[in-house]
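What follows draws every value from the coordinates through simple rules; no lab data is involved. Predicted model, so just to flag it, every value in this text is computed and none were measured. Quick reminder, even Gly has a Cβ in these numbers, built from the backbone with ideal geometry, and neighbours come from all protein chains shown.
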Amino acid sequence: MSSSTEWPLWEVFVRSRRGLSHTHAGSLHAPDAEMALRNARDLYTRRNEGVSIWVVPSAEITASSPDEKDSFFEPAADKPYRHPTFYDIPEGVKHL
Amino acid sequence: MATAHQPPSTAPHHTAAGAADTAALESAFDAAVAADERIEPRDWMPDAYRATLVRQMAQHAHSEIIGMQPEANWITRAPSLRRKAILMAKVQDEAGHGLYLYSAAETLGASRDDLLDKLHSGRQKYSSIFNYPTLTWADVGAIGWLVDGAAITNQVPLCRCSYGPYARAMVRVCKEESFHQRQGYELLLALSRGTPAQHAMAQDAVDRWWWPSLMMFGPPDAESSHSEQSMTWKIKRHSNDELRQRFVDICVPQAESLGLTLPDPDLRWNDERGHHDFGAIDWSEFWAVLKGNGPCNEQRITQRRRAHEEGAWVREAATAYAAKSAARTAKATKSAKSAKNSEREEATA
C-alpha cells in the first residue's frame, strides 16, 4: 500500500522582483507541474521572496560535466582581449 | 551530458587503472576545500565525505520534521489569535526547513523515500532535544529562545560549510530561525512580567530546557567521534565545546533581561578566560535519550509514522490525478491533431 514510486523531482526558480531574472532556489517533489508550482510557492516564497516562479523537471535539465570543466571552458581562458581592461588608453581621454 | 543531480557516470576510482586518477581527484578535492571553495553535487568527492554529509543532512532534516511535534502540541491551546498565528507560521517553517535539507541530501544521490524509511525505522536519528515533552505554554517560549537559539549557534557556521547545497539551505534556514528565536523570547518576557503564576511557569520552562539545550551541541570535544574529520573537510567550522561556550555567553545577559535565572549554581563570569564558567553536564542523560530512553522517543516516532501512513491516500490520489490529467492532455492533443489532418485532407481533396 505504500507508494513505492516517488513523485518526480522539480527544480524551482524564483524571480524575486520585477526586473531581475529567475534564480535557482532549490528543488522539491510533486506529482505534476501544477502541484510543483503550488508546493514551490509554499516552500520558497513564504515571506514574499518572489513575484514569479518557474518549475522544471530535474530530469529535463542537461548539465555540463564537471569532469571536463577545464577543457569545456578553456576556449575563453586565453582571450583577455575580450575584456575592456585589456586596452591601454592614454590618461585624460574621457568617456571611454 | 547528464542531468543536474546525476553524479558523473564514470567513477574513475572504480576502475583498475584508476588509482592514479583517484589520487589526482583527491588532491584536487583537498585543494578546493583548503581554498574555501565550495564542493558542488557533481564534483568528485571522497566516498566518506559524501556519506558523512548525507548522514548529517538527513539527521538535520529529520530533526526539523520531528521538531514540529512538540510545538504543534500547543497550537490549539495558544492563548491568543496572535500567538496562534505565530506558532503556526513557525511550525510551517520547520516543515520547510526539513524539505530544504532533504532536497540538499538528495543532491548526493539519497532518495527521499529511503531517508523517510530510515527515520521511521530508527536507522537514522534526529536531535535528542525533541524527545522532551512540552508540558506548559511557556515551553513554546523556552524552545524558541533556547532550543532555536542553540540551533542558530550551530547553524550559522554551517552557512560556510564546504558543501554548496547544504550551505545554501542553511542560509535560508538561519534567516527564518531568527524570527523563531525572537518570538520565543518575547513570549517568555510577557510571561515573566505577568502574574506570579505566569512568571513561575516561565522559570519552570527555562529550568527544564536549559540543560538539554546545552546538550544540543553534542558530546565534549574529547568524546566526539565525527568532529575531527568534519573540521578538516570544513563541514564543521567550530568544535562542540566552542559553540556551547558561545551559546552560554550569549544566554546569560539575555536571561537577566528576561528576569529569569538559569538553573546552574556554578554559572559565573570568569575574568581570566573572558567567558562564563558553567557546571558539569549530565552526559548519562544525553546518552540515555539518544539510545531511545527519553520521555518522548516512542511517541515522536509513532506519531511520525502515523502521519506518513495516514497521508498515503493523499499521495496516491495526487499521483493518480497527475496520471489522469497527463493522459487526458495527450488524448486531446492527439484528437486535435487528427482533426487538423482530416481538415487538410478535405482541403486537398
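How high is the FRET efficiency from B:MET231 to A:ARG82, r the C-beta distance, R0 35 Å, rounded to 0.05?
The pair B:MET231/A:ARG82 has a calculated efficiency of 0.30.
Between B:GLU316 and B:ALA95, what is the spin-label point distance in nm, taking each point 7 Å from the Cα along the Cα→C-beta axis?
2.1
Can you list residues whose amide H is under 5 Å from A:SER27's amide H, if they're 5+ apart or on another chain and H is modeled 1.01 Å from N?
Result for A:SER27 returns A:VAL12.
Enumerate the aspartates and glutamates that B:LYS90 could reach by cross-link, defined here as Cα to Cα under 16 Å, with residues fewer than 8 away along the same chain left out.
Partners within reach: A:ASP42, B:GLU64, B:GLU71, B:ASP139, B:ASP148, B:GLU176, B:GLU177, B:GLU186.
Describe numerically, in nm with one decimal, the distance between label points set 7 Å from Cα along Cα→Cβ at B:LYS334 and at B:VAL171.
So the label points at B:LYS334 and B:VAL171 sit 4.7 nm apart.
Roughly how tilted is helix B:297-310, in degrees to the nearest 10 and between 0 and 90, from the longest Cα axis of chain B?
It works out to around 30 degrees.
May I ask you to list the GluC sites (Glu not before Pro) in region B:243-323 that are in a DSSP loop and have at most 14 other Cβ atoms within 10 Å of their Cβ?
Details: sites: B:GLU256, B:GLU272, B:GLU285, B:GLU298, B:GLU309, B:GLU310, B:GLU316; in loops: B:GLU272.
Listed in order of number, the matching sites are B:GLU272.
For A:SER52, list long-range residues whose amide hydrogen, built 1.01 Å from N in the peptide plane, is under 5 Å from its own amide hydrogen.
A:ARG15
Which ³J(HN,Hα) values, rounded to whole Hz and listed in residue order, are derived for region B:102-114 from phi using the Karplus coefficients 6.51, -1.76 and 1.60 in 6.51 cos²θ - 1.76 cosθ + 1.60 with θ = phi - 60°, glycine and proline given as x?
Using θ = phi - 60°, the values come out as 4, 4, 4, 5, 5, 5, 9, x, 6, 9, 4, 4, 5 Hz.
Enter the mean projected area of the convex hull around the alpha-carbon atoms of the protein assembly as shown, in nm², rounded to one decimal.
Details: hull surface 142.4 nm².
Orientation-averaged projected area of the Cα hull: 35.6 nm².
Which trypsin sites (Lys or Arg not before Pro) in region B:47-152 pass both tests, a DSSP loop state and at most 11 other beta-carbon atoms within 10 Å?
Here the trypsin sites (Lys or Arg not before Pro) that fit, given the DSSP loop and packing criteria, are B:ARG123.
If packing is taken as the mean number of other Cβ atoms within 10 Å per residue, what is the order of B:226-239, A:58-71, B:142-155, highest first?
Descending mean neighbour count gives B:142-155, B:226-239, A:58-71.
How many percent of the alpha carbon pairs in chain A exceed a separation of 17 Å?
For chain A, the share of Cα pairs beyond 17 Å comes to 68 percent.
Contour minus end-to-end for B:ALA24 and B:ARG273, with contour as 0.36 nm per residue of separation and end-to-end as the Cα-Cα distance?
85.2 nm
Past 21 Å, Cα to Cα: identify those pairs from B:LYS125/B:LYS236; B:LYS125/B:LYS291; B:LYS234/B:LYS291; B:LYS118/B:LYS291, in the order given. Working shown, then result.
Numbers: B:LYS125/B:LYS236 19 Å; B:LYS125/B:LYS291 10 Å; B:LYS234/B:LYS291 28 Å; B:LYS118/B:LYS291 16 Å.
The answer is B:LYS234/B:LYS291.
Output the 0 to 90 degree angle, nearest 10, between the alpha-carbon long axis of helix B:196-215 and the longest principal axis computed from the alpha carbons of chain B.
70
Treating cross-link reach as a plain straight distance, find the lysines whose alpha-carbon is under 20 Å from the alpha-carbon of B:LYS334, omitting any fewer than eight places away in the same chain.
B:LYS324
Using the basic label-point model (7 angstrom from Cα toward the beta carbon), what is the A:LYS69 to A:HIS24 distance in nanometres?
Computed distance between label sites A:LYS69 and A:HIS24 equals 1.2 nm.
Which whole number gives the average count of other chain Cβ atoms within 10 Å of the Cβ atoms across peptide A:22-32?
That works out to 5 on average.
Once amide H atoms are placed 1.01 Å from N in the peptide plane, what residues at a sequence separation of 5 or more from B:TYR163, or on another chain, have their amide H within under 5 Å of its amide H?
Close amide H contacts, sequence-distant or interchain: B:ILE39.
Taking the alpha-carbon distance from A:LYS69 and a cut-off under 13 Å, which aspartates and glutamates remain once sequence neighbours fewer than 8 residues away in the same chain are dropped?
Qualifying aspartates and glutamates at Cα under 13 Å: B:GLU40, B:ASP43.
Report ³J(HN,Hα) in whole Hz for each residue of region B:230-246, in order, from the Karplus equation J = 6.51 cos²θ - 1.76 cosθ + 1.60 where θ = phi - 60°; Gly and Pro get x.
Working through the residues one at a time gives 5, 5, 4, 7, 6, 6, 10, 10, 9, 6, 4, 5, 4, 5, 5, 4, 4 Hz.
I'd like the Karplus ³J(HN,Hα) series for region A:84-96: coefficients 6.51, -1.76, 1.60, θ = phi - 60°, whole numbers in Hz, and an x wherever there's a Gly or Pro.
For region A:84-96, the Karplus curve yields x, 6, 5, 9, 8, 10, x, 5, x, 6, 9, 6, 9 Hz.
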